[in-house]
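One structure is given here, and the rest of the page talks about it.
The values are calculated or read from the model by the stated rules, or taken from the named source; none is laboratory data. Everything numeric in this text was worked out from a predicted model, so none of it was measured. Neighbour counts are summed over all protein chains in view; Cβ atoms, including those assigned to glycine, are modelled from backbone coordinates with ideal geometry.
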Amino acid sequence: MDVNEKGPPPALAQWTGFLLSWVAASGGEHYGRALASVGLKPQHLAVLVLLRDGPMVQARLSERLNVFKPVMVTLVNELAELGLAERRAHPHDRRAVHVHLLPAGVRRIREAERVSLRAADEFFAPLTPRQRQTFHHLLAKLAGTET
């Protein structure tokens, strides 16, 4: 295949599942590079955004983000090393650990939101505003988060 070719091979583009996988991988790489510019990974941002509503038990973060508990431990460790979040003892359950968002984490979310909007504009440039809205709506429906 010519390295200048864009998109999946036509023989594979006939399958919606393959196209979804291709676009998701490409979009994920694009988004990951954009967030790296503010020192975050997509999963870091997901944790920070959930913590914006208040402290959360680390195990609950794992459940909400569908991330294995050992991976969540690593993510929270990284966020703590960056000074964006911290663990504290749960006030009522000695076995649980609460994860708290720190002021630097709030500031980093704001930076990441700006970068995220710019990355989306770049990645979705081939679509009209109406097509973007429809695409988002359909993804939300498939994800079960349609409002």
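Of note:
- Some residue of region 103-113 being among the acidic types (D, E) and over 18 Å from P42 (Cα atoms): no
- Residues of region 9-28 satisfying the condition of being assigned to a helix (DSSP H, G or I) and of a type outside the set (A, V, I, L, M): T16, G17, F18, S21, W22, S26, G27, G28
- Qualifying residue in region 29-39 (condition: touching a residue at least 40 places away in the same chain (Cβ under 8 Å), assigned to a loop (DSSP other than H, G, I, E, B) and under 14 Å from the mean Cα position of the chain (by Cα)): yes
- Looking at region 50-147, the helices (runs of 4 or more DSSP H) lying wholly inside it that each contain 2 or more residues that are over 26 Å from S26 (Cβ atoms) and touching a strand residue (DSSP E or B) at 6+ places or on another chain (Cβ under 8 Å) sit at 58-65, 69-81.
- Pairs, first over 12 Å from R33 (Cα atoms) and of a type in the set (K, R) in region 105-124, second crowded, with 16+ Cβ neighbours inside 10 Å and at pLDDT 95 or above, C-beta under 6 Å, six or more apart: R108/L84
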